[in-house]
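Here is the structure we will look at.
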Amino acid sequence: SARDRLIDSALALIGEKGPRGASTRAIAERAGLNEVTLFRTFGRKDALIAACVQSLFQRILGPTGVRPKSDDLAADLEALATDYFSLTNGHRHALARLLPEIHRNRGLAEAVLRDAAGPVTASIFGLFAHHQAAGRLRTDADPRELALAFLGPLLAHALIGDLLDLPDTLGLPAYVVR
């Protein structure tokens with residue numbers, strides 16, 4: 001669809017030039033569309049960027065929109081780590097340029113948190129709460145803190161791993177056990 005082509009083009013250009021350097025005209029051209037289509041679809045550039053972030057987050061959840069839960073903590077964490085690492089590593093250049101822009105731009109931050117991050121983080125936090133309730137994870141910590149402690153190193157690896165000459169792969173089963 002035109003929407004998906006615009007999102008893919010925006011992510012690629014943001015990865016190359018950053019959010020400010022990725023003009024709406026260049027995004028539309030890369031998508032093989034005109035700029036009017038971009039504005040009809042998203043209204044403004046911030047909405048397109050929020051849709052890019054939402055698209056990335058949705059890839060973590062899959063087609064159901066909810067992170068699957070089972071009775072196997074290690075399997076659930078390995079699946080989450082695999083999806084998250086693949087996504088963050090595959091889009092590390094765009095993420096490295098988007099994160100500071102989201103921090104600087106209050107309107108964009110609100111759109112991302114409201115429209116993109118909210119449902120995804122709720123689902124991921126719910127996965128950790130599910131395993132806490134079943135006694136498979138420690139209960140003396142907020143599930144949000146546990147999730148961030150688990151995912152943070154994966155994001156860091158994707159963002160700065162190449163600067164440290166780390167491989168693009170990570171021993172995820174061993175990571176889950178640690």
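The set of residues in region 129-178 that are farther than 21 Å from Gly90 by Cα, buried (at least 17 other Cβ atoms within 10 Å of the Cβ) and among the small types (Gly, Ala, Ser) contains only Ala129.
Just one of Glu78, Glu35 is more than 14 Å from the chain's Cα centre (by Cα), surrounded by fewer than 20 Cβ atoms within 10 Å (Cβ to Cβ), modelled with pLDDT under 95 and on the phi < 0 side of the Ramachandran plot; which is it?
Values: Glu35 fails: modelled with pLDDT under 95.
Criteria check complete, one pass: Glu78.
Every listed requirement among (1) more than 11 Å from the chain's Cα centre (by Cα); (2) closer than 27 Å to Ala174 by Cα; (3) touching a residue at least 40 places away in the same chain (Cβ under 8 Å) is met by Phe85 save one, (1). Can you find even one residue in region 84-103 that is more than 19 Å from Glu16 (Cβ to Cβ), modelled with pLDDT under 90 and either acidic (Asp, Glu) or open to solvent by less than 50 Å² (accessible area, probe 1.4 Å) (or both)? Scanning region 84-103, I find at least one residue that is more than 19 Å from Glu16 (Cβ to Cβ), modelled with pLDDT under 90 and either acidic (Asp, Glu) or open to solvent by less than 50 Å² (accessible area, probe 1.4 Å) (or both), so the answer is yes. Residue count for region 18-30 satisfying the condition of being at pLDDT 95 or above and open to solvent by 10 Å² or more (accessible area, probe 1.4 Å): 6. Filtered by the rule that a residue be in contact with a helix residue (DSSP H, G or I) (Cβ under 7 Å, 6 or more places away or on another chain), of a type in the set (Gly, Ala, Ser) and surrounded by fewer than 20 Cβ atoms within 10 Å (Cβ to Cβ), region 104-122 gives Gly107, Ala109, Ala117. Against the condition farther than 16 Å from Thr82 by Cβ and free of Cβ contacts under 8 Å to residues at least 12 places away in the same chain, how does Gly126 come out, does it pass? It is false that Gly126 is farther than 16 Å from Thr82 by Cβ and free of Cβ contacts under 8 Å to residues at least 12 places away in the same chain. Among the residues of region 17-36, none qualifies, meaning not one is touching a His at 6+ places or on another chain (Cβ under 9 Å), within 15 Å of Cys52 (Cα to Cα) and aliphatic (A, V, I, L, M). Looking across region 52-75, not a single residue is in contact with a Leu (Cβ under 9 Å, 6 or more places away or on another chain), surrounded by fewer than 17 Cβ atoms within 10 Å (Cβ to Cβ) and of a type in the set (Gly, Ala, Ser). Note on region 65-100: residues that are of a type outside the set (A, V, I, L, M, F, W, C) and closer than 17 Å to Arg136 by Cα amount to 7.
The values are calculated or read from the model by the stated rules, or taken from the named source; none is laboratory data. Here the structure is a predicted model, which is why all the values come from computation and not from measurement. Neighbour counts are summed over all protein chains in view; Cβ atoms, including those assigned to glycine, are modelled from backbone coordinates with ideal geometry. For accessibility, only protein heavy atoms count, side chains too; no ligands or nucleic acids. Shrake-Rupley method; radii C 1.70, N 1.55, O 1.52, S 1.80 Å.
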